[in-house]
Amino acid sequence: MSAIEIENLTKDYTVGFARKRRVRALDGVSLTVEPGEIFGFLGANGAGKTTAIKILMRLIAPTAGTARICGRPIDDVAMHARIGFLPEQPYFYDYLTARELLEYFAELFGHARARRRPRAAELLARVHLEEAAWDQQLRRLSKGMLQRVGLAQALVNDPEVIVLDEPMSGLDPIGRREVRDLIASLRAQGTTVFFSSHILADIEVLCDRVGILQRGRLAHLGRLGDLQRVDAGGRLEITVTGVRPDEIGTTLQTLDGARVTATPGGARVEVASERDVDQALRAIRRCGGRLVSVQPVRQSLEDLFVREGAAPDGAG
Ligand SMILES: Nc1ncnc2c1ncn2[C@@H]1O[C@H](COP(=O)(O)OP(=O)(O)OP(=O)(O)O)[C@@H](O)[C@H]1O
Ligand SMILES: [Mg+2]
């Protein structure tokens, strides 16, 4: 059984007042997330990430399509007690303190009175909210602090599946790393994590698989490494020191598809395939260069993003 199954999910919003028209925010999206996976849901602003997540959390109804979480249809209320959710813009009753809010959620999830206070403290510590802020009213907390409270709230019931809409948003670099570590620790305990983001660096270090949404459609789905390798077409990159790029360039003129670029300490040689590596290395040694590394050229996520974003509105 998959942790999340999304099938042909489609959402039209009605916009305009006098002259109503429909805008398709999500267009036939299908994907599954396996138990224990960290799945990154990517897309530019307005691509439809939040729309899909709101449907999963049954905050809005889909125009077409279905989804299941933990094998249960999304309108199954009992299933929602087993999952956690961080909204894009968490809105809490902000005269409560962080501690009170979490005790309240602990109560909602049926924790006995004596368990609520330690549970709240445990969660606030886990999301690294500084203790001085625990008894502050939420309206006095900074955006990043509120984000942490939101994360703590999503963890109250030890969810099997956790859905996070932009969990790193509003966090400083240290905060982002802490949330990254937190998500990694969730994986270690077997929780399935589905999170949206457009912070590519976070996605690259965390996710088992990603789906890239583009204008409501799923443009890519798969393991990050696979997506990036396919795109780079099997090219390899050789990094060397101790040579001038123009020297190697001349020696490698006969090698089809080789490209040489300068780096601070030497050069970077890109060759078309593994077959060309030996010849390139011999040429580099003849010039007195020293090998630093040979690795597949990986299209960065940013490249995928930019290319997708720049692509004409295809099959529309
Ligand atoms: N309530 C709504 N009514 C009308 N249109 C909406 C509504 N909510 C979202 N949209 C539109 O649907 C599209 C997808 O929006 P959505 O919020 O799902 O994107 P997103 O990928 O979460 O973007 P971001 O990265 O900015 O959070 C956008 O074009 C947006 O304008
Ligand atoms: Mg969003």
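Structure values in brief
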quantity: Qualifying positions in segment 205-221 - in contact with a Gly (Cβ under 9 Å, 6 or more places away or on another chain) and either outside the structural domain of residue 11 (by TED's automatic domain parsing) or over 19 Å from residue 8 (Cβ atoms) (or both); calculated: 206, 207, 208, 209, 210
quantity: Filter result (out of contact with any helix residue (DSSP H, G or I) (no Cβ under 9 Å at 6 or more places or on another chain) and surrounded by 15 or more Cβ atoms within 10 Å (Cβ to Cβ)) within segment 45-65; calculated: 47, 48, 49, 50, 51, 52, 53, 54, 55, 56, 63
quantity: Qualifying residue in segment 75-84 (condition: basic (Lys, Arg), in the same structural domain as residue 189 (by TED's automatic domain parsing), in contact (Cβ under 8 Å) with a residue 60 or more places away in the chain and surrounded by fewer than 17 Cβ atoms within 10 Å (Cβ to Cβ)); calculated: yes
quantity: Strands (runs of 3 or more DSSP E) within segment 23-106 that include 1 or more residues under 17 Å from the mean Cα position of the chain (by Cα), among the aromatic types (Phe, Trp, Tyr) and within 16 Å of ligand 1 (Cβ to nearest atom); calculated: 38-43, 83-86
quantity: So residue 120, is it over 24 Å from residue 39 (Cβ atoms), modelled with pLDDT of 95 or more and either among the aliphatic types (A, V, I, L, M) or surrounded by fewer than 19 Cβ atoms within 10 Å (Cβ to Cβ) (or both); calculated: yes
quantity: Selected residue (criterion: nearest to residue 184 (Cα to Cα)) from residues of segment 197-214 that are of a type outside the set (A, V, I, L, M) and at pLDDT 85 or above; calculated: 207
quantity: Extreme residue, nearest to the chain's Cα centre (by Cα), among residues of segment 279-311 that are part of a strand (DSSP E or B) and at pLDDT below 90; calculated: 296
quantity: In segment 45-89, the residues that are farther than 12 Å from residue 163 by Cβ and within 10 Å of ligand 2 (Cβ to nearest atom); calculated: 45, 46, 47, 48, 51, 89
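Let's see how each residue does on (1) among the charged types (D, E, K, R); (2) more than 30 Å from residue 144 (Cβ to Cβ); (3) out of contact with any helix residue (DSSP H, G or I) (no Cβ under 7 Å at 6 or more places or on another chain):
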{"position": "9", "(1), (2), (3)": "no, yes, no"}
{"position": "14", "(1), (2), (3)": "no, yes, yes"}
{"position": "22", "(1), (2), (3)": "yes, yes, yes"}
{"position": "28", "(1), (2), (3)": "no, yes, yes"}
{"position": "43", "(1), (2), (3)": "no, no, no"}
{"position": "67", "(1), (2), (3)": "no, yes, no"}
{"position": "76", "(1), (2), (3)": "yes, yes, yes"}
{"position": "86", "(1), (2), (3)": "no, no, no"}
{"position": "100", "(1), (2), (3)": "yes, no, yes"}
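The values are calculated or read from the model by the stated rules, or taken from the named source; none is laboratory data. None of these values were measured; they are calculated from a predicted model. Don't worry about glycine lacking a Cβ; one is built from the backbone with ideal geometry, like all the others, and counts go over all protein chains shown.
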